[in-house]
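Have a look at the structure below, then the notes.
The values are calculated or read from the model by the stated rules, or taken from the named source; none is laboratory data. Remember, it's a predicted structure, so these values are computed and weren't measured experimentally. Cβ coordinates were reconstructed from backbone atoms using ideal geometry, including for glycine residues, and neighbour counts include every protein chain displayed.
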Amino acid sequence: MRILIANDDGIYSPGLRALADVARRFGQVRIVAPDVEQSSMGHAITHSRPLMIRPTSIGDHEAFRVNGTPADCVTVGVAEWGKVDAVLSGINLGANLGNSVWHSGTLAAAKQAPLLGLRGIALSTPVKGDQPDFGALVPWVVRVLELLLVKDGPQLVNVNFPAEPRGIRWTRQSVRHYDGKVVPGQDPRGRPHFWITTVALEAPEEGTDRWAVEQGWVSLTPLRLDLTDEEALARARREASD
Ligand code: MN
């Protein structure tokens, strides 16, 4: 099995190295990742300038850094490697739950896979203070990849690991409201600037990704690319035919 590894934290992230080290148990691994951090860039692609792909030393993995977005890395990586069976993105330094799915670069790299007809898996874990203990997560990453790669899971899955997992749960995406708080400040020259923060206003619904990670479960959310609101479509068509 050929496994392409990407992320949005950049090619030198310890989370990417941890994922590649585990993934090689399941097949042939190649890393193609952004040369600098691309977190929260969403599914942006680069079309107004050429992309460079440069060999890079990441342990003894075959690795390439790209001056582009997470989705660019997957597109270029798959085109250059030819046959790829699965794209793994992460392990992101920071959870990607609920609302984050919309702007996450980690998710975008995974989402690019089904757009190319491939399996895509995004993997993330929260960061509190120090770097996550990736060593402690290894057995859980193995279990998840057995479920999703070996047992032929859904084509696109968003995986989030709590710091100390107690099991695995299949979940749905939590979509709650956020306060969209903008925190003002000043730069050293006295010019005003602003930080965008996202704090969820409501507690997560049971059975959702946010709920699961808060309860200590590894959350697996199958996603789809079709955003069509089926109910609204059916209603609009009924009314149009009246
Ligand atoms: Mn990130």
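Assess whether PRO139 counts as being over 17 Å from LEU4 (Cα atoms) and in a loop (DSSP other than H, G, I, E, B). When the stated conditions are applied, PRO139 does not pass them.
Please determine, by comparing only the residues of the range 1-27 that are more than 11 Å from the ligand (Cβ to nearest atom) and in a loop (DSSP other than H, G, I, E, B), which one is farthest from ALA108 (Cα to Cα). Here the answer is ARG25. Among the residues of the range 28-50, at least one is more than 16 Å from the ligand (Cβ to nearest atom) and among the hydroxyl-bearing types (Ser, Thr, Tyr). Scanning the range 92-105 for residues that are outside any loop (DSSP other than H, G, I, E, B) and modelled with pLDDT of 95 or more returns ASN92, LEU93, GLY105. Among the residues of the range 136-186, those that are of a type in the set (Phe, Trp, Tyr) and at pLDDT 95 or above comprise TRP140, PHE161, TRP170. If you check LYS83 against the conditions, is it under 20 Å from ARG25 (Cα atoms), surrounded by fewer than 24 Cβ atoms within 10 Å (Cβ to Cβ) and in contact (Cβ under 8 Å) with a residue 24 or more places away in the chain? For LYS83, the condition - under 20 Å from ARG25 (Cα atoms), surrounded by fewer than 24 Cβ atoms within 10 Å (Cβ to Cβ) and in contact (Cβ under 8 Å) with a residue 24 or more places away in the chain - is met.
The rows are residues; the columns are (1) within 16 Å of the ligand (Cβ to nearest atom); (2) more than 17 Å from ARG17 (Cβ to Cβ); (3) acidic (Asp, Glu); (4) not in a loop (DSSP other than H, G, I, E, B).
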position: VAL78; (1), (2), (3), (4): no, yes, no, yes
position: GLY90; (1), (2), (3), (4): yes, no, no, yes
position: LEU107; (1), (2), (3), (4): yes, yes, no, yes
position: ALA110; (1), (2), (3), (4): yes, yes, no, yes
position: VAL127; (1), (2), (3), (4): yes, no, no, no
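Screening ASP35 on (1) surrounded by fewer than 18 Cβ atoms within 10 Å (Cβ to Cβ); (2) over 14 Å from GLY90 (Cα atoms) shows it passes everything except condition (1).
For the range 46-76, a residue qualifies if it is more than 17 Å from GLN112 (Cα to Cα) and in a strand (DSSP E or B), and the qualifying residues are ILE53, ARG54, PRO55, ILE58, HIS61, GLU62, ALA63, PHE64, ARG65.
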